[in-house]
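What follows is a single structure, written as structure tokens, with notes after it.
The values are calculated or read from the model by the stated rules, or taken from the named source; none is laboratory data. Values in this document were obtained by computation on a predicted structure and should not be read as measured data. Positions of Cβ are backbone-derived with ideal geometry, glycine not excepted, and every protein chain shown enters the neighbour counts.
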Amino acid sequence: MPGDAVGTEEEFIGGSGTYMEGEQIRASASGELNDKDRALSVSRRNMLASVKPGTIVLGRVENVVEPIALISVLPQQEGNIRFAMLPDNCVLHASRIKDGFVKNVRDELRIGDIVRAKIAEVRNGEIHVSTEGAEFGVIKAFCIKCRHALTLVGGSLSCPECGNKENRKLASDYRNVNI
Ligand SMILES: [Zn+2]
């Protein structure tokens with residue numbers, strides 16, 4: 001079960017489905033414990049069962065294939081270490097980006113952006129996330145022309161390097177976050 005101590009770093013190497021706490025290796029998911037070649041892992045089989053709707057995650061936009069964005073969950077996140085080893089990309093559908101109609105994901109999110117999202121549901125083996133609500137959305141964005149981090153000036157995003165103006169579904173604390 002998540003949080004259970006399954007071994008120590010002296011004896012084993014922590015594999016997928018585990019996380020380190022000091023020298024202790026703990027399970028980050030519920031599932032079967034395997035110890036192959038000294039590498040401890042918790043099998044993914046039941047991993048999705050431990051993914052709880054409502055959990056807040058930080059992720060990076062890995063790809064945009066209209067009408068969805070694929071989000072990888074980052075190991076550094078706010079409060080919940082259980083998703084540190086989440087193996088799959090999460091799905092963010094255009095309809096879950098913000099209140100109101102989103103025609104193109106690319107109008108609201110771009111590859112490389114860092115987002116705060118909430119687990120909406122687990123369906124057909126896919127983890128669906130949402131960025132609806134003021135606290136959710138892009139917390140760091142990068143210029144699509146020169147990749148420089150965008151700054152928020154007077155309510156609009158612009159690139160301090162090349163002056164490009166861009167649009168995102170922003171979280172209310174854009175760039176006040178340490179990541
Ligand atoms: Zn730029």
Quiz prompt | Tally of residues being free of Cβ contacts under 8 Å to residues at least 24 places away in the same chain, surrounded by fewer than 19 Cβ atoms within 10 Å (Cβ to Cβ) and within 16 Å of the ligand (Cβ to nearest atom) across the stretch 120-160 | solution = 8
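Looking for something surrounded by fewer than 20 Cβ atoms within 10 Å (Cβ to Cβ) and out of contact with any strand residue (DSSP E or B) (no Cβ under 9 Å at 6 or more places or on another chain) - is there at least one such residue anywhere in the stretch 105-115?
Looking only at the stretch 105-115, we keep the residues that are surrounded by fewer than 20 Cβ atoms within 10 Å (Cβ to Cβ), and these are 106-107, 111-112.
Subsequent filtering for residues that are out of contact with any strand residue (DSSP E or B) (no Cβ under 9 Å at 6 or more places or on another chain) retains 107.
Yes: the stretch 105-115 contains one or more residues that are surrounded by fewer than 20 Cβ atoms within 10 Å (Cβ to Cβ) and out of contact with any strand residue (DSSP E or B) (no Cβ under 9 Å at 6 or more places or on another chain).
Residue-wise test of (1) assigned to a loop (DSSP other than H, G, I, E, B); (2) aromatic (Phe, Trp, Tyr); (3) within 22 Å of the chain's Cα centre (by Cα).
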{"site": "Val129", "(1), (2), (3)": "no, no, yes"}
{"site": "Glu132", "(1), (2), (3)": "yes, no, yes"}
{"site": "Glu135", "(1), (2), (3)": "yes, no, yes"}
{"site": "Ile139", "(1), (2), (3)": "no, no, yes"}
{"site": "Cys146", "(1), (2), (3)": "yes, no, no"}
{"site": "Glu161", "(1), (2), (3)": "yes, no, no"}
{"site": "Arg168", "(1), (2), (3)": "yes, no, yes"}
{"site": "Ser172", "(1), (2), (3)": "yes, no, yes"}
{"site": "Arg175", "(1), (2), (3)": "yes, no, yes"}
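Condition first: within 16 Å of the ligand (Cβ to nearest atom), out of contact with any Lys or Arg (no Cβ under 9 Å at 6 or more places or on another chain), not acidic (Asp, Glu) and not in a loop (DSSP other than H, G, I, E, B). Can you find one or more residues in the stretch 103-115 that meet it?
No - not one qualifying residue is present in the stretch 103-115.
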Practice problem: Could you please find all residues in the stretch 19-65 being closer than 30 Å to Leu109 by Cα, surrounded by fewer than 13 Cβ atoms within 10 Å (Cβ to Cβ) and at pLDDT 85 or above? | Solution: Gly54, Asn63, Val65
